[in-house]
Amino acid sequence: MKVRSGGASLTGVCDYVAAAASASGFDDRTSHACQLAVFEAVENIFQHGYRGDGGEIHLTAQSAPGALTVEIVDRAPAFDPTRYPVDPSASLREAQVGGRGLLMIRRVMDDISYERRGRQNILRLTKNRSFTGV
Amino acid sequence: METQTQVYPRVTVVSVKGRVDSTSAGDLEAALKKLLDDGKSNLVLDLSGVEFLSSSGLRVLVTTLKAVRKTGGDLRLAQPSQRASDAIDLAGLDVLFKTYGDREAAVASF
């Protein structure tokens with residue numbers, strides 16, 4: 001699916017991932033975790049990649065029994081989220097919630113890969129186990 | 001997203017329903033800021049009706065927590081839905097909030 005920044009389109013991301021997670025046979029909790037991870041990845045691209053200046057993202061989901069892979073492709077400047085440092089600890093003094101989206105993605109997904117191909121960022125998020133909590 | 005506010009003598013309870021993401025977080029932030037401006041700094045957020053909570057929504061919770069603590073108050077969570085609870089845990093923010101299984105217990109905690 002094609003995603004542009006804006007409310008309805010972002011809700012559509014969750015619907016798209018929910019349908020794919022259902023096709024993979026995942027339960028509601030795992031489906032929700034996948035929706036959250038993909039949503040955070042998409043939001044990060046719009047906010048930090050395209051810097052709130054529009055842009056377009058392509059999502060492709062592949063479902064197999066017990067496995068879901070979502071490929072996220074954008075044309076923002078190169079950014080490898082697998083190499084970005086994330087601090088899982090939180091104190092009220094320091095908590096800015098920045099980087100929390102990346103932490104959520106890493107905690108939900110079982111495999112994350114990134115590739116820069118030409119002018120495209122290609123992020124693949126794979127879930128192949130049920131989510132039962134942090 | 002919808003919010004409903006109930007004011008008790010020492011505590012104000014805000015029930016949040018629906019999706020709290022980048023498109024609705026601003027509305028939640030405005031509703032909570034208005035309570036703060038009115039001098040209400042003991043807050044309970046009833047998250048039982050939350051269907052989706054992204055990092056944008058979590059940012060509002062943390063910002064509000066910081067603001068109420070500065071004035072000697074607190075923001076406590078009541079009966080978060082499984083989805084809200086998972087989002088808070090995944091973001092590693094569960095350690096920041098006092099969370100209660102029902103809203104009566106959250107209100108009584110103040």
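A compact table of results
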read-out: Residues satisfying the stated conditions in the range A:1-20, i.e. within 14 Å of another protein chain (Cβ to nearest Cβ) and open to solvent by less than 50 Å² (accessible area, probe 1.4 Å); value: A:3, A:6, A:7, A:9, A:10, A:11, A:12, A:13, A:14, A:17, A:18
read-out: Boolean, residue A:71 is modelled with pLDDT of 95 or more and either assigned to a strand (DSSP E or B) or in contact with a Pro (Cβ under 9 Å, 6 or more places away or on another chain) (or both); value: yes
read-out: All positions within the range B:87-99 that are outside any loop (DSSP other than H, G, I, E, B) and open to solvent by less than 60 Å² (accessible area, probe 1.4 Å); value: B:87, B:88, B:89, B:90, B:96
read-out: Criterion violated by residue B:65 - all others in (1) farther than 30 Å from residue A:132 by Cα; (2) buried (at least 21 other Cβ atoms within 10 Å of the Cβ) satisfied; value: (1)
read-out: In the range B:68-110, the residues that are within 14 Å of chain A (Cβ to nearest Cβ), over 21 Å from residue A:32 (Cβ atoms) and out of contact with any helix residue (DSSP H, G or I) (no Cβ under 9 Å at 6 or more places or on another chain); value: B:69, B:70, B:95
read-out: Every residue from the range A:114-129 that is in contact with a Pro (Cβ under 7 Å, 6 or more places away or on another chain) and either at the interface with chain B (Cβ under 9 Å from one of its Cβ atoms) or open to solvent by 40 Å² or more (accessible area, probe 1.4 Å) (or both); value: A:114
read-out: Output for the range B:1-57, where each listed residue is in a strand (DSSP E or B) and of a type in the set (A, V, I, L, M, F, W, C); value: B:7, B:13, B:14, B:16, B:20, B:43, B:44, B:45, B:47, B:50, B:52, B:53
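Matching residues to (1) within 14 Å of chain B (Cβ to nearest Cβ); (2) part of a strand (DSSP E or B); (3) crowded, with 24+ Cβ neighbours inside 10 Å:
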| site | (1), (2), (3) |
| --- | --- |
| A:40 | yes, no, yes |
| A:43 | yes, no, no |
| A:52 | yes, no, no |
| A:58 | no, yes, no |
| A:63 | no, yes, no |
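The rows are residues; the columns are (1) β-branched (Val, Ile, Thr); (2) crowded, with 21+ Cβ neighbours inside 10 Å.
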site: A:35; (1), (2): no, yes
site: A:55; (1), (2): no, no
site: A:68; (1), (2): no, yes
site: A:112; (1), (2): yes, no
site: A:131; (1), (2): no, yes
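The values are calculated or read from the model by the stated rules, or taken from the named source; none is laboratory data. From a predicted model like this one, the values you see are computed outputs, not experimental measurements. We place every Cβ from the backbone using ideal geometry, glycine too, and count neighbours over all the protein chains shown. When the accessible area is computed, the model is the full protein with side chains, heavy atoms only, and any ligands, DNA or RNA have been set aside. Shrake-Rupley method; radii C 1.70, N 1.55, O 1.52, S 1.80 Å.
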